[in-house]
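Report on one structure; see the data block that follows.
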Amino acid sequence: MKTIIVAFSLLLLSVSLQAEELVRAVSFAEEPLTVTAVPGEQQQLLLELPDPGITLPVYALKGMVRYDGVEGDGFLQLDNHFGEAGTFFSKSLAPAGPLGKLSGSSDWRPFVLPFYANSGGQADSAAPLPDKLTLSLVLPGAGSVSIRDVGLYQYASGEDPLQAAGQWFDDRSAALFGAIGGSLIGLWGALIGILAARGKARHFVLGSANVLLVIGIASFAGGILAVATAQPYAVYYPLLLIGIILAVVFGKLRGNLSARYEQLELKKMQSMDV
């Protein structure tokens with residue numbers, strides 16, 4: 001039981017620490033760089049980085065973007081040039097988030113254009129590396145876009161360029177937390193039910209109920225803190241969900257379990273008096 005508690009606690013408190021490495025910081029003649037749509041010229045070059053200095057297969061161009069009066073769905077495009085192997089791109093066309101498209105108007109927000117050169121499954125040492133990067137802006141209609149604080153970052157294996165700065169853990173870790181945490185809780189709860197029904201292992205059952213209640217309260221408190229500190233949905237939702245389920249279920253069940261064992265103990269004593 002102690003092993004399960006420790007494992008669950010570590011999972012609950014785990015944080016994916018980003019060790020992103022800044023490879024290049026970009027400066028413009030005018031900071032920020034502001035570009036206005038040009039009729040008949042949808043794509044405009046913003047930045048070119050020859051010999052970018054990338055040494056790892058996972059990297060991203062990150063910065064801040066602001067836009068005003070953008071018609072349609074504009075986007076930033078990172079072209080990754082691999083010589084004879086070809087050119088591959090990343091586009092900011094997601095509905096929201098750091099990969100979100102440019103539509104309408106927005107105050108400064110972060111953008112991230114990631115690229116995974118080892119997406120084919122090859123080892124990091126065998127992955128191709130770009131010899132040039134270019135950043136372009138695509139505007140299908142009118143509008144103006146500004147960018148600033150642009151930097152090129154690279155990441156160690158297993159790190160996620162889309163994980164927000166200060167984010168406790170990424171979406172993959174959240175899914176893992178939900179899957180493993182939910183499975184452990186389900187198995188633990190089933191074991192508690194079986195033992196309680198048979199009147200066995202009273203101390204283990206009641207102790208487990210108390211531990212799961214404490215974990216639930218801690219998880220709920222962590223979820224509230226995540227909301228208060230503007231953590232993304234993938235962080236606060238599983239914490240709140242698991243916290244509410246555990247706190248409600250074992251808050252009520254703990255008393256019932258105790259009463260169950262007391263009834264069984266009373267029946268046992270009555271049978272001995274006969």
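Bear in mind that the values in this text are calculations on the coordinates, not laboratory data. Remember, it's a predicted structure, so these values are computed and weren't measured experimentally. Neighbour counts are summed over all protein chains in view; Cβ atoms, including those assigned to glycine, are modelled from backbone coordinates with ideal geometry.
Details
- Taking other residues whose beta carbon is less than 11 angstrom from the beta carbon of Leu195, and scoring Lys, Arg as +1 and Asp, Glu as -1, yields +4.
- Note on region 27-155: with charges restricted to the Cβ of Lys and Arg (+1) and Asp and Glu (-1), its dipole about the Cα centre is near 320 debye.
- Placing +1 on the Cβ of every Lys and Arg and -1 on the Cβ of every Asp and Glu, with nothing else charged, gives the chain a dipole about its Cα centre of roughly 2020 debye.
- Fluctuation leader among Val150, Val235, Val248 - the chain, Gaussian network, Cα springs under 10 angstrom: Val248
- Order by protection proxy (mean Cβ within 10 Å, highest first), peptides 42-48, 130-136: 130-136, 42-48
- Full extension of the chain segment joining Ser258 with Asp73 gains 60.5 nm, where the gain is 0.36 nm per residue of separation less the Cα-Cα distance.
- FRET efficiency, Val38 to Tyr237 (Cβ-Cβ, R0 51 Å, nearest 0.05): 0.75
- When log10 I(q)/I(0) by the Debye sum over Cα atoms at q = 0.07, 0.09, 0.12, 0.17 Å⁻¹ is calculated for this entry, the matching label among (1) -0.29, -0.47, -0.80, -1.32; (2) -0.21, -0.36, -0.67, -1.50; (3) -0.42, -0.59, -0.83, -1.24 is (3).
- The residues packed around Ser144, meaning those with a beta-carbon under 10 Å from its beta-carbon, carry a net charge of 0 if Lys and Arg are +1 and Asp and Glu are -1.
- Stretch gain in nm, segment Ala126-Lys268, where the contour uses 0.36 nm per residue and the Cα spacing is subtracted: 44.1 nm
- For Tyr153, Tyr116, the sequence from fewest to most other C-beta atoms within 10 Å is Tyr116, Tyr153.
- Calculated mean residue ellipticity, 222 nm, the chain: -14000 deg cm²/dmol, from DSSP H runs (n ≥ 4) at -39500 (n - 2.57) each, averaged per residue and rounded to 500.
- Near Val58, the amide H atoms lying under 5 Å from its own belong to Ala117, Tyr155; only residues 5 or more places off or on other chains count, and H is placed 1.01 Å from N.
- Charge sum, other residues only, whose C-beta stays under 14 Å from Ala37's C-beta, Lys/Arg counted +1 and Asp/Glu -1: -4
- The chain: angle of helix 171-198 to the longest principal axis, Cα-based, in degrees nearest 10: 10 degrees
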